[in-house]
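Participant: Here you go, one structure.
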Amino acid sequence: MLAVPLAASACPAIIFDTDYRSDCDDVGALAMVHALQDTGKVTLLGAIATTTGPHVVGAIDAVNTHYGRPDLPIGVVAPEEGLNTTLNSDDFASTLANPQNFVSHQTNATAPASTALYRRLLHAAPDRSITIVVVGGQTAIHRLLISGADHDGDAIPRTGQQLVAAKVRELVIMGGHFTDPGFAEFNICLDLKAAQHIAREWPGRVIYTGFEIGEEIRTGAALTHPETNPVARAYERYCGTTGGAGVIGDRQSWDQTAVLIAAVGDKWNGRTLWKISPPQAIEFDEIGRALITPSTTGNRHFIIQSDPLMKHTEIAAIISELMTAAPKTPGPRPLQQSR
């Protein structure tokens, strides 16, 4: 199978779309984006929460503030009948959003709707400049795509489809399974109708990093100082790490692989991380399994892990270094932490 090079721009402008309350790898992935911005590899424009637990926006804001970027906008999906956006427990979100633990000012109540924020960020961006990274369900990008011109009176004359076609360079999705045809992956199933529609109708290039890519890449145990670092606290609080709740441990790095691909493509310091599949037509069946058909005219791709590329442990070391990097310009800490 031939590989298709995935060229990364000098500094991708990223919108980070996350189901932040369901797993600590979302927190690790956001930490990576900030570390990559600190080294000039990306620019983070904003975040979108596709989960609506009561603390999700504050928890995202706590990490943004920790890295010295408290003014980054955060949008949140509005509840919708028949769609559960509060899956799983708040293992860490309530702790991160607690102002006694970490500084944050944005909340679910003050956050704009996801579609409004997406449209505003895309409208203001140069053409073909945006990379969207989705590491949860696809509810928010689906609502963006089907939004009409002048959505809710926003005075933006383009439809969501037109905005995406004009402004988005690439969509990177952590979702699907591309080595096991019988596997219905979690993120795809969070909003299966949205994932099916995006696979069919998204007007630009889509890169899927499947469950199998991040499954063997374990990171998190190197994080320290959970009393002052919200990323470390999330890994400490999450019950699914190798340490269990109360102990910082490693976790699979599914979401971090999407960030790495969005930021640097298929290479790190001249070495190949993964291969990128040739063009495909990718769909998802009625239970969320990936259906892959080679297509010379398609613009859907998935990540392939194969020798003699980097070993899982080598990629884990890259991700861990980014996750544990100290903020270039640290944000404020609560008064009781500052004493």
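The values are calculated or read from the model by the stated rules, or taken from the named source; none is laboratory data. Owing to the predicted nature of the structure, the values given are computational and were not obtained by experimental measurement. Cβ atoms come from the backbone with ideal geometry, glycine included; neighbour counts cover every protein chain shown.
Participant: What are the residues in segment 268-279 that are part of a loop (DSSP other than H, G, I, E, B) and either aliphatic (A, V, I, L, M) or free of Cβ contacts under 8 Å to residues at least 40 places away in the same chain (or both), if any? Step through it out loud before you land on a result.
Facilitator: Initial filter on segment 268-279 (part of a loop (DSSP other than H, G, I, E, B)): 269-270, 273-274, 277-279.
Of everything in segment 268-279, those that are part of a loop (DSSP other than H, G, I, E, B) and either aliphatic (A, V, I, L, M) or free of Cβ contacts under 8 Å to residues at least 40 places away in the same chain (or both) turn out to be N269, G270, L273.
Participant: Quickly run through segment 195-228 and pick out the residues that are of a type outside the set (K, R), out of contact with any helix residue (DSSP H, G or I) (no Cβ under 8 Å at 6 or more places or on another chain) and farther than 29 Å from T242 by Cα.
Facilitator: Q196, A199
Participant: Right, next: Tell me, please, whether a residue that is surrounded by fewer than 18 Cβ atoms within 10 Å (Cβ to Cβ), more than 18 Å from W254 (Cα to Cα) and of a type in the set (D, E) can be found in segment 177-191.
Facilitator: Checked against the condition, which is being surrounded by fewer than 18 Cβ atoms within 10 Å (Cβ to Cβ), more than 18 Å from W254 (Cα to Cα) and of a type in the set (D, E), segment 177-191 yields no hits at all.
Participant: Still on this structure, please answer the following. Criterion first (over 21 Å from L192 (Cβ atoms) and assigned to a helix (DSSP H, G or I)) does R119 satisfy it? Please lay out each step first, then the result.
Facilitator: Working: over 21 Å from L192 (Cβ atoms): yes; assigned to a helix (DSSP H, G or I): yes.
Answer is yes for this residue.
Participant: For segment 25-57, enumerate the residues that are without any contact (Cβ under 8 Å) to a residue 60 or more places away in the chain, in contact with a Pro (Cβ under 9 Å, 6 or more places away or on another chain) and closer than 17 Å to M323 by Cα.
Facilitator: Across segment 25-57, the qualifying residue is only T43.
Participant: For the condition in contact (Cβ under 8 Å) with a residue 60 or more places away in the chain and either closer than 26 Å to S104 by Cβ or surrounded by fewer than 15 Cβ atoms within 10 Å (Cβ to Cβ) (or both), what is the one hit in A316, A258, A326?
Facilitator: Just a single option satisfies the conditions, and that option is A258.
Participant: Output the number of residues of segment 110-130 satisfying the condition of being free of Cβ contacts under 8 Å to residues at least 60 places away in the same chain, closer than 20 Å to A59 by Cβ and either surrounded by 23 or more Cβ atoms within 10 Å (Cβ to Cβ) or under 19 Å from the mean Cα position of the chain (by Cα) (or both).
Facilitator: 2
Participant: Continuing with the same structure: Does F211 meet the test of being within 27 Å of I287 (Cα to Cα), over 19 Å from the mean Cα position of the chain (by Cα) and either free of Cβ contacts under 8 Å to residues at least 60 places away in the same chain or surrounded by fewer than 22 Cβ atoms within 10 Å (Cβ to Cβ) (or both)?
Facilitator: No.
Participant: Could I ask something else about it? Please find, among D90, D26, the residue that is charged (D, E, K, R) and under 21 Å from T257 (Cα atoms). Spell out the reasoning first.
Facilitator: Details: D90 fails: under 21 Å from T257 (Cα atoms).
Exactly one of D90, D26 is charged (D, E, K, R) and under 21 Å from T257 (Cα atoms), namely D26.
Participant: Right, next: I74: within 14 Å of the chain's Cα centre (by Cα), closer than 19 Å to Y235 by Cβ and of a type in the set (A, V, I, L, M, F, W, C), yes or no?
Facilitator: Judged against the criteria, I74 is not a match.
Participant: Give me the residue from segment 285-339 that is over 30 Å from P203 (Cα atoms) and of a type in the set (K, R) and, out of that set, modelled with the highest pLDDT.
Facilitator: Taking the candidates together, the pick is K328.
Participant: Pairs, please: C-beta under 6 Å, at least 6 apart or cross-chain, first residue within 24 Å of V27 (Cβ to Cβ) and in segment 131-154, second of a type in the set (K, R)?
Facilitator: Once the first residue is within 24 Å of V27 (Cβ to Cβ) and sits in segment 131-154, its partners that are of a type in the set (K, R) give T131/R169.
Participant: Which is crowded, with 16+ Cβ neighbours inside 10 Å and charged (D, E, K, R), of D90, D71?
Facilitator: D90
Participant: Kindly indicate whether A232 is closer than 30 Å to V206 by Cα and either buried (at least 22 other Cβ atoms within 10 Å of the Cβ) or in contact with a Leu (Cβ under 9 Å, 6 or more places away or on another chain) (or both).
Facilitator: Numbers: closer than 30 Å to V206 by Cα: no; either buried (at least 22 other Cβ atoms within 10 Å of the Cβ) or in contact with a Leu (Cβ under 9 Å, 6 or more places away or on another chain) (or both): yes.
Considered against the rule, which asks whether it is closer than 30 Å to V206 by Cα and either buried (at least 22 other Cβ atoms within 10 Å of the Cβ) or in contact with a Leu (Cβ under 9 Å, 6 or more places away or on another chain) (or both), A232 comes out as no.
Participant: If you don't mind, another one. With small (G, A, S), touching a strand residue (DSSP E or B) at 6+ places or on another chain (Cβ under 7 Å) and under 25 Å from P327 (Cβ atoms) as the only criterion, which of A78, A93, A97, A111 stands out?
Facilitator: A111
Participant: Answer with yes or no whether A262 is at pLDDT 95 or above and either within 28 Å of G68 (Cα to Cα) or within 17 Å of the chain's Cα centre (by Cα) (or both). Working first, answer last.
Facilitator: On the way: at pLDDT 95 or above: yes; either within 28 Å of G68 (Cα to Cα) or within 17 Å of the chain's Cα centre (by Cα) (or both): yes.
It is true that A262 is at pLDDT 95 or above and either within 28 Å of G68 (Cα to Cα) or within 17 Å of the chain's Cα centre (by Cα) (or both).
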